[in-house]
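Visitor: First the structure, then my questions, so here it is.
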Amino acid sequence: QVHRLRGQLASTMLYLCAAWLVLQASALPLCREQHSSGGAWRNCKAQIGGLAIQGSDAYQAQFKTTFQDYLTAKLGASYGLEFESIPLNFDENFEYVGGKRLDFIYSNPAAYACMMVEFSVTTLASMVNFRKGNALEKFAGVMFVRNDSDFYKVEDLRRARVEAVSISGLGAMQLQQAELLALGLDVMTDVKRLTFSNNQDIIVTDVESGYADVGFVRTDMIDRSVAAGTTKWEYFRVINEIPDTDFPFKRSTLFTPEWPLGALTHVPFEIIRAVLSALWELDRNSTDATLKDPAIAGKFATWVAPMNYLELLGILEGIGYYSPKERKCLRAEDVYEAVKCPRGYVKQSKDKAFCSDDCKIGYTCLCQPCTKLQDPELLLTVSSLATAWNRTVDAIAVAGLTKFESQCQRMKVCMEAVVGQTVKWALLDHIGSESRKEINAPLLSSVEIRLRVDAPWQPMTSENTTLGNGLATERYIAVGSAMLTGTHVVQIRINGAQADLSPVVAVHHEPPILCGPGEKAEPDGKCSVCPPGSVRGSDGGCYPCEPGQWSRAGDASCTACEVGTSNPAYGASSCKDCSTGKVAKQMGSKSCDACARGKYSNISGLSACYACPAANVMTTANTASESIEDCVCFAGYFHECRGGSCNVNSSSHQLDVAGFCQPCLAGMECKGEVDSPNAMSQTKEGEQRHKAPWLPPGTMAIGNTVYICGKSGDGASCLGGDLGGETSMCIPHSAGVCCAECDAGFLYKDGTCEKCTGSSKAGRVLLPL
């Protein structure tokens with residue numbers, strides 16, 4: 001308790017000293033004026049400006065203890081400095097900093113990021129806020145509705161009355177605007193009404209009362225109203241709530257760092273370091289009242305090293321609030337000027353952008369300040385005009401090369417024409433001058449066209465026209481002709497700036513020369529005959545004939561190969577007859593087809609193959625057979641020509657033998673030329689074309705009559721063999737049916753016919769069967 005009393009006494013003495021210094025130094029000069037040419041800051045006054053979003057009184061009640069009383073007491077004795085806290089509205093923020101009417105600035109992160117870029121402000125420290133027992137280095141935005149409303153998702157906001165703090169408010173406007181843009185909704189164009197009340201407490205009240213459907217506030221705002229007993233959380237519901245167990249408040253947007261304090265460029269580093277050191281000592285948990293009381297009054301926990309505020313510029317650029325080209329942010333002194341419409345929209349005039357119906361006194365209400373332009377706003381077309389061609393130009397070919405799109409699109413081919421062809425470029429304004437004046441859209445004061453990147457700009461002539469809906473408007477015309485072949489970039493310039501639809505692409509072809517059939521145009525304008533195997537194409541050049549075609553020099557078109565002929569190559573001057581064994585059945589054949597098995601072609605240049613006679617029992621060994629003699633019998637059949645060649649009828653191309661393939665007789669074994677109709681082998685040159693039927697031992701034949709014989713004695717009487725062959729089918733010196741008779745002068749003995757000897761004499765002896 002003694003320590004507590006000592007601390008209170010020290011705190012009291014410190015503030016008494018500060019009060020005395022203020023009284024004594026009321027006439028102290030401003031440090032920036034006294035030391036404008038340099039030198040240490042001593043015995044002078046430094047000013048700290050701060051953005052007072054809740055009003056001057058609320059701001060001073062919260063921060064005067066820190067920025068004025070504490071810093072004066074802390075640095076007054078050592079530097080003789082007095083500090084003054086100055087509340088500012090948003091516009092004064094930029095005005096005072098830009099005019100160097102302050103030494104330090106405390107502002108919301110978005111405005112501060114702008115001032116960092118515009119005025120090179122140096123960040124000293126970032127505040128750590130204190131809410132509901134939590135030390136917080138960041139905050140976010142909240143989008144909320146009444147719990148009993150029918151607004152549940154972002155898309156529902158298109159019919160909502162939205163209320164925000166101001167067009168420059170970060171946590172209660174800009175964070176929500178950026179979040180909604182990322183989700184496909186623009187509050188400047190897509191909501192029923194956008195209201196700025198300039199007070200977040202009022203936003204909570206207006207949503208609860210039903211005056212506004214959706215409210216934009218920073219995180220912890222509703223909690224503060226609940227803590228003050230002015231509302232209850234159960235009255236509300238958060239739209240687009242982002243789940244976050246690490247953050248103590250509900251949120252609908254991404255985070256941003258807490259508010260910073262910065263020094264202007266004229267503040268000496270010695271003073272910056274002294275102020276920084278003093279702020280870093282503040283701690284609401286300190287046992288030292290001089291360090292604790294300012295934090296409690298300021299509702300913060302402490303101050304820490306500077307956080308990153310430059311990332312906010314990306315958010316501000318996305319909502320059109322920051323221009324990286326100009327390195328400057330918008331000002332909120334005029335809400336109308338701060339309205340930035342998205343692409344395809346134009347800002348309406350003030351009398352239409354603002355709405356007074358149901359707009360409370362002291363509020364600013366925007367009812368769809370941006371109006372959508374006609375889509376497309378401008379329509380660029382190009383068309384062909386009558387052209388006086390030289391008589392050698394092929395007008396029909398020109399028509400084939402010419403192509404005009406119904407609407408020119410940026411970086412796409414808009415037209416194809418030939419050199420010398422007259423064309424008309426037309427830019428149609430879908431809004432019209434009078435309508436542009438009514439909706440405050442830019443007038444088209446100057447419209448120019450450049451037909452090539454190296455060509456001069458030329459003005460387009462304006463002419464009045466009327467659209468199908470009766471709207472009076474203007475069309476801008478330029479007439480010209482293509483001068484150079486190739487692909488060219490065509491540009492449109494409006495009021496000195498490149499039009500959104502520009503550039504477009506134009507392709508210029510060589511003019512087609514009118515030559516006779518089978519001729520092509522040369523670069524010198526003369527015609528030459530296309531060589532054999534080629535004809536003139538649609539573009540006037542000579543191109544080779546396709547496979548299956550041919551041409552003579554100067555032919556107007558390629559000719560298809562006749563049946564029985566073919567051509568496999570490009571650019572042929574003739575077709576060749578199919579060789580024997582192959583045919584070409586159709587006109588324009590690229591190759592000849594081999595005769596299938598069972599067919600043959602013995603003459604070149606045929607369109608069809610001949611079938612083997614008796615095709616059901618005859619075939620060929622392979623495809624591409626070249627002669628009827630390649631036709632052989634299947635196994636189980638034999639041919640009358642057995643053992644030799646048959647004559648072929650020259651007119652009928654058939655074998656000159658009756659019967660063709662004959663089925664095997666009982667007892668015969670006919671292997672034919674193949675083992676089966678599906679597996680056969682071609683005979684070698686010089687071998688028999690048709691194998692004779694074969695008779696096994698114990699059989700024999702006389703003519704085509706086959707006899708099945710029994711055995712005689714210890715051996716076979718009949719030896720069998722090829723039917724019609726040169727070797728006898730009987731045992732030596734025997735003959736007759738079943739080889740049953742020995743020749744005269746021979747006697748059957750022990751299975752053979754032996755020649756008679758001595759007194760033995762015999763005629764034909766009948767052998768036992």
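The values are calculated or read from the model by the stated rules, or taken from the named source; none is laboratory data. On a predicted model such as this, the values are computed, not experimentally measured, just so you know. So basically every Cβ, Gly included, is an ideal-geometry build from the backbone, and we count neighbours across all protein chains shown. Protein only, heavy atoms only, side chains kept; ligands, DNA and RNA dropped before computing areas. Shrake-Rupley method; radii C 1.70, N 1.55, O 1.52, S 1.80 Å.
Visitor: Which one is nearest to Ala553 (Cα to Cα) among residues in segment 574-600 that are more than 50 Å from the chain's Cα centre (by Cα) and part of a loop (DSSP other than H, G, I, E, B)?
Guide: Checking each candidate, the answer is Cys578.
Visitor: Another question, then. Would you mind listing the strands (runs of 3 or more DSSP E) fully within segment 20-139 where at least 2 residues are crowded, with 20+ Cβ neighbours inside 10 Å?
Guide: Working: elements: 45-51, 82-88, 104-106, 122-131, 134-136.
Fully inside segment 20-139 and qualifying: 45-51, 82-88, 104-106, 122-131.
Visitor: Residue under question is Ser462, and the condition is that it be surrounded by fewer than 17 Cβ atoms within 10 Å (Cβ to Cβ), more than 36 Å from the chain's Cα centre (by Cα) and modelled with pLDDT of 90 or more; does it hold? Working first, answer last.
Guide: On the way: surrounded by fewer than 17 Cβ atoms within 10 Å (Cβ to Cβ): yes; more than 36 Å from the chain's Cα centre (by Cα): yes; modelled with pLDDT of 90 or more: yes.
So Ser462 fits the description; yes.
Visitor: Then there's this: Could you look through segment 257-304, keep only residues that are free of Cβ contacts under 8 Å to residues at least 24 places away in the same chain and in contact with a Ser or Thr (Cβ under 6 Å, 6 or more places away or on another chain), and pick out the one that is most open to solvent (accessible area, probe 1.4 Å)?
Guide: Only one residue fits best here, namely Lys292.
Visitor: List the number of the failed condition for Leu501; all other conditions in (1) aliphatic (A, V, I, L, M); (2) touching a residue at least 40 places away in the same chain (Cβ under 8 Å); (3) in contact with a Ser or Thr (Cβ under 9 Å, 6 or more places away or on another chain) hold.
Guide: Tallying (1) aliphatic (A, V, I, L, M); (2) touching a residue at least 40 places away in the same chain (Cβ under 8 Å); (3) in contact with a Ser or Thr (Cβ under 9 Å, 6 or more places away or on another chain), Leu501 fails exactly one: (3).
Visitor: Name the residue that is nearest to Ala499 (Cα to Cα), counting only residues in segment 319-361 that are of a type in the set (S, T, N, Q) and assigned to a loop (DSSP other than H, G, I, E, B). Steps first, please.
Guide: Quick first cut of segment 319-361, residues of a type in the set (S, T, N, Q) only: 323, 348-349, 356.
Keeping just the survivors that are assigned to a loop (DSSP other than H, G, I, E, B) gives 348-349, 356.
Values: Gln348: 21, Ser349: 23, Ser356: 36 Å.
That would be Gln348.
Visitor: May I pose another question? Find the residue count for segment 234-262, including only residues that are closer than 23 Å to Glu155 by Cα and part of a loop (DSSP other than H, G, I, E, B).
Guide: 11
Visitor: Can you tell me which condition Gln47 does not meet? The list is (1) free of Cβ contacts under 8 Å to residues at least 40 places away in the same chain; (2) in contact with a Leu (Cβ under 6 Å, 6 or more places away or on another chain), and all the others hold.
Guide: Among (1) free of Cβ contacts under 8 Å to residues at least 40 places away in the same chain; (2) in contact with a Leu (Cβ under 6 Å, 6 or more places away or on another chain), the lone unmet condition for Gln47 is (1).
Visitor: Let me ask another. Please enumerate the residues belonging to segment 726-752 that are assigned to a strand (DSSP E or B) and either under 24 Å from Pro693 (Cα atoms) or hydrophobic (A, V, I, L, M, F, W, C) (or both).
Guide: Taking segment 726-752 first, the residues assigned to a strand (DSSP E or B) are 730, 734-735, 741-742, 746-749, 752.
Result: Cys730, Ser734, Ala735, Cys742, Phe746, Leu747.
Visitor: Quick one: how many residues across segment 361-391 are open to solvent by 50 Å² or more (accessible area, probe 1.4 Å) and either free of Cβ contacts under 8 Å to residues at least 12 places away in the same chain or under 24 Å from Ser538 (Cα atoms) (or both)? Can you show your working first?
Guide: Our first condition is that a residue be open to solvent by 50 Å² or more (accessible area, probe 1.4 Å); within segment 361-391, this holds for 361-362, 368, 372, 374-375, 377, 384-386, 388-391.
Restricting the remaining residues to those that are either free of Cβ contacts under 8 Å to residues at least 12 places away in the same chain or under 24 Å from Ser538 (Cα atoms) (or both) gives 361, 384-386, 388-391.
Selection size over segment 361-391: 8.
Visitor: Continuing with this model, one more query. Could you run through segment 564-589 and say how many residues are more than 19 Å from Ile628 (Cβ to Cβ), of a type in the set (A, V, I, L, M) and open to solvent by less than 60 Å² (accessible area, probe 1.4 Å)?
Guide: 3
Visitor: When segment 237-246 is examined, which residues are found to be open to solvent by 10 Å² or more (accessible area, probe 1.4 Å) and touching a strand residue (DSSP E or B) at 6+ places or on another chain (Cβ under 8 Å)? Spell out the reasoning first.
Guide: Going residue by residue through segment 237-246, those that are open to solvent by 10 Å² or more (accessible area, probe 1.4 Å) are 237-238, 240-246.
Correct list: Arg237, Val238, Asn240.
Visitor: Taking segment 590-603 as the region of interest, how many residues are free of Cβ contacts under 8 Å to residues at least 40 places away in the same chain and open to solvent by 50 Å² or more (accessible area, probe 1.4 Å)?
Guide: Filtering segment 590-603 for residues free of Cβ contacts under 8 Å to residues at least 40 places away in the same chain gives 591-601, 603.
Subsequent filtering for residues that are open to solvent by 50 Å² or more (accessible area, probe 1.4 Å) retains 591, 593-594, 596-597, 599, 603.
Residues in segment 590-603 being free of Cβ contacts under 8 Å to residues at least 40 places away in the same chain and open to solvent by 50 Å² or more (accessible area, probe 1.4 Å): 7 in total.
Visitor: Here's a follow-up. Among the residues of segment 386-431 satisfying the criterion of being among the charged types (D, E, K, R) and at pLDDT below 90, which is nearest to Tyr345 (Cα to Cα)?
Guide: If we filter segment 386-431 for residues that are among the charged types (D, E, K, R), which is where we start, we get 391, 394, 403, 405, 410, 412, 416, 424, 429.
Still in the list and also at pLDDT below 90: 391, 394.
Values: Arg391: 52, Asp394: 48 Å.
Ranking the candidates gives Asp394 first.
Visitor: Gly540 passes all but one of (1) in a loop (DSSP other than H, G, I, E, B); (2) open to solvent by 40 Å² or more (accessible area, probe 1.4 Å); (3) touching a strand residue (DSSP E or B) at 6+ places or on another chain (Cβ under 7 Å); which number fails?
Guide: Status for Gly540: all satisfied but (2).
Visitor: Just checking, how many residues over segment 413-438 are open to solvent by 30 Å² or more (accessible area, probe 1.4 Å) and under 31 Å from the mean Cα position of the chain (by Cα)?
Guide: 3
Visitor: Here's a check for you: in segment 515-537, which residue that is charged (D, E, K, R) and assigned to a loop (DSSP other than H, G, I, E, B) is least open to solvent (accessible area, probe 1.4 Å)?
Guide: Glu522
Visitor: Assess whether Gln407 counts as being touching a residue at least 12 places away in the same chain (Cβ under 8 Å) and within 22 Å of Leu444 (Cβ to Cβ). Full working, then the answer.
Guide: Numbers: touching a residue at least 12 places away in the same chain (Cβ under 8 Å): yes; within 22 Å of Leu444 (Cβ to Cβ): yes.
When the stated conditions are applied, Gln407 passes them.
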